[in-house]
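*Asks:* Dumping the structure here so I can ask a few things about it.
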Amino acid sequence: MEKTKLTYEEEQVIKNLDPIIFPNCLNIAVVGKTGVGKSSFINAIRNLTCKDQNAADVKSGSESCDHKEERSEFSYRITNSNVEIEINLIDTMGHMGNINPQCDNFSFIESVKNALKIVEFDAIIFIYEGRLTSEELSIAKRYVEKNVLIFFVMNKMNNFLIDNIRQITGNYSYNRSLNDQYNENKKELNQCVEKEMDAVINLIDRNMVFNCIVESIQASTSLILNSDDYKKKIIKNSIYFITSTKEDFLNECISKDGFRLKTEIEQYLVHAKLNNFNIDLFDPFSERLIRIKKKYLISNLFKDTKKI
């Protein structure tokens, strides 16, 4: 039986949530251990520092702002296709790192969703540093099975690059910009990034997070699939390497996938939510989205002889 009893701290988080009532909105849960940079990500994607008004409280590091009121919900609005859209980012307050024998983290995330009075999250962003945990991957798998879009976001890519510059050159200079030192070692660093990407892909694959998508497609169409290659393509498109500071978030050297992540949330996912999504089969996110959120379209999009 699934454990559902919440701790006092978890109950307080739930109690302080306000139901979401804006008619056109995306509801995105931001999940991860304490210290991985959930709050700094929530600020960076909204183009804020922790010192700005309505910023999330960053509790450690150079941007620490202990004076800020602790909150769980952070929203910003964009205009897309002449429609005002509210994007709600719900910070799960570091509960992935807590060990509560009476309540698993999946149940807590579900309790957050119910308190917000929403039917289902449009997406869940797993922020991590180092490696994803088996529990995070297990939760992600359960939400993929519920047709929720999953983003795996490795934060603090700047630290990853600094560590690898030290290994490549034997030294990293804090008196020079990371951009310059990246460009000087670009080939070797890109190889390090690809190696890290392969390790994450294999980890997600071993935990069978996206298996149900491939199985669903194979069951609903006569499309000829190389299932392993196809599944790894889906996995790769779900992984993002970022640095969650306002100044670096869109810098493709230091935050490789920041721009892609922001674009996919603010444009493609918004379009899908409004049901005016223009499907571009040559765009990786379009492929992933229609397979996760609109699987019933597959048989009409491809001819039986087409290989993927």
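*Asks:* Would you be able to say whether some residue in region 3-21 is at pLDDT 60 or above and in contact with a Ser or Thr (Cβ under 8 Å, 6 or more places away or on another chain)?
*Replies:* No.
*Asks:* Within region 236-281, how many residues turn out to be out of contact with any Lys or Arg (no Cβ under 9 Å at 6 or more places or on another chain), hydrophobic (A, V, I, L, M, F, W, C) and at pLDDT 90 or above?
*Replies:* 5
*Asks:* Just name the residue that is modelled with the lowest pLDDT out of those in region 74-96 that are within 17 Å of the chain's Cα centre (by Cα) and either outside any strand (DSSP E or B) or surrounded by fewer than 16 Cβ atoms within 10 Å (Cβ to Cβ) (or both).
*Replies:* By that ranking, first place goes to Met96.
*Asks:* All but one of (1) over 28 Å from Lys273 (Cα atoms); (2) in a helix (DSSP H, G or I); (3) modelled with pLDDT under 95 hold for Ile168, so report the exception by its number.
*Replies:* (3)
*Asks:* Tell me yes or no: at least one residue of region 213-222 is under 24 Å from Glu264 (Cβ atoms), free of Cβ contacts under 8 Å to residues at least 60 places away in the same chain and surrounded by 14 or more Cβ atoms within 10 Å (Cβ to Cβ).
*Replies:* yes
*Asks:* Residues to consider are Asn100, Asn175; find the one that is outside any helix (DSSP H, G or I) and modelled with pLDDT under 85. Outline the logic, then answer.
*Replies:* Values: Asn175 fails: modelled with pLDDT under 85.
After ruling out the rest, the residue left standing is Asn100.
*Asks:* Follow-up question, since we're still on this one. Quick check on Val148: is it closer than 21 Å to Asp229 by Cα and at pLDDT below 95?
*Replies:* Values: closer than 21 Å to Asp229 by Cα: no; at pLDDT below 95: yes.
When the stated conditions are applied, Val148 does not pass them.
*Asks:* State whether the residues of region 112-122 include one that is under 18 Å from the mean Cα position of the chain (by Cα) and aliphatic (A, V, I, L, M).
*Replies:* From region 112-122, those under 18 Å from the mean Cα position of the chain (by Cα) are 112-113, 120-122; that's our starting set.
Now restrict to residues that are aliphatic (A, V, I, L, M): 112.
Yes: one or more hits.
*Asks:* Also, I was wondering about something else. Can you find even one residue in region 118-130 that is crowded, with 16+ Cβ neighbours inside 10 Å, of a type in the set (Ser, Thr, Tyr) and either modelled with pLDDT of 90 or more or on the phi > 0 side of the Ramachandran plot (or both)?
*Replies:* The answer is yes; a qualifying residue exists.
The values are calculated or read from the model by the stated rules, or taken from the named source; none is laboratory data. Worth saying up front: this structure is predicted, and the values here are computed from it rather than measured. Don't worry about glycine lacking a Cβ; one is built from the backbone with ideal geometry, like all the others, and counts go over all protein chains shown.
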